[in-house]
Amino acid sequence: MKERRIDIPTPAGKMETFITHPNGDGPFPPVVLYMDVWGLREELFDVARRIATVGYYCAVPDFYYRQGRVRHEFRDDKNRMISLEFLDEQQKEMVRAPMRKLTDAMVVDDTGAILEFIGRGEPVRPGAMGVIGYCMGGRHALRVAGSFPQRCRASVSLHGTRLVTDQSDSPHLTALKAEGEMYCGFAEKDPYAPLSTIRTLDETLRNASVKYRHEIHQGADHGYALPDRDIHDKQAANRDWELIFGMFHRQIPPYTGDA
């Protein structure tokens, strides 16, 4: 495996990005991983490595770059990341504050900069790409899928937040413009994605151009899919990967050349 950290130029500055892909020459189909509220960290890099091991070029951008270098991790006595609901109010505010300054439009604009960058000499296959996001990144994945429908052919939201709002530009309405396939993984116990949200997504996307499916993981909590979390649900996360990699193989077949 190859990996490095680079600064991708954007109109707003330089966006630190972790990149990993197999040792071969490629070209590899690209996948962009959208971070959650905590910011960049080794946990997300490990997810990217998992994606890269099966033949993909995976980028993990720091969308907080306009605010400096934001990193948050609180750990329990087993060295697992503590979920937001178990932190005190001061810690919660520390984690949430950077998120409030990051708009969906900023992420869409930054994704445009990523697409420009990977098109200039990176070992990336032209054309279709995948996007996968956790928590707020799940919402961003839907936004990007609808904003770049010709490029984003395999879109994933895992325990995404605020996917359905009462605004005219709600993420679920942006997703109507998506093409290819889209998958959403939900926790049974998730205040950020109640059953009403899941039903609205189903009803909205049932006859859309994008082929949509979802899974509700019984007993799982918000944040279940991240491997270093105190509430990680291995069975639910592995089911997600089964469905995600199946979709990736259909829409963005992996590089299979000699390493």
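The values are calculated or read from the model by the stated rules, or taken from the named source; none is laboratory data. If you're wondering where the values come from, they're calculated on a predicted model, not measured in any experiment. Neighbour counts are summed over all protein chains in view; Cβ atoms, including those assigned to glycine, are modelled from backbone coordinates with ideal geometry. SASA here: full protein model, heavy atoms, side chains in, ligands and nucleic acids out. Shrake-Rupley method; radii C 1.70, N 1.55, O 1.52, S 1.80 Å.
Annotations
- When residues in segment 212-259 are screened for being open to solvent by 30 Å² or more (accessible area, probe 1.4 Å) and in a strand (DSSP E or B), 8 of them pass.
- Cross-chain or 6+ apart pairs with Cβ under 6 Å, segment 231-259 first and closer than 15 Å to residue 54 by Cα and at pLDDT 95 or above, then in a loop (DSSP other than H, G, I, E, B) and open to solvent by less than 20 Å² (accessible area, probe 1.4 Å): 251/180; 252/29
- Search result, residues across segment 121-146 that are of a type in the set (Gly, Ala, Ser) and open to solvent by less than 10 Å² (accessible area, probe 1.4 Å): 130, 133, 137, 138, 141, 145, 146
- Residue within segment 186-203 that is farther than 20 Å from residue 104 by Cα and of a type in the set (Gly, Ala, Ser) present: yes
- Residues that are open to solvent by 20 Å² or more (accessible area, probe 1.4 Å) and modelled with pLDDT of 95 or more number at least 3 in the following strands (runs of 3 or more DSSP E) confined to segment 12-119: 13-21.
- The single residue among 47, 31 that is farther than 17 Å from residue 226 by Cα and either touching an Asp or Glu at 6+ places or on another chain (Cβ under 6 Å) or touching a residue at least 60 places away in the same chain (Cβ under 8 Å) (or both) turns out to be 31.
- Residue match in segment 200-218 (condition: hydrophobic (A, V, I, L, M, F, W, C) and under 19 Å from residue 35 (Cα atoms)): no
- Any hit, segment 83-103, residues being free of Cβ contacts under 8 Å to residues at least 12 places away in the same chain and on the phi > 0 side of the Ramachandran plot: no
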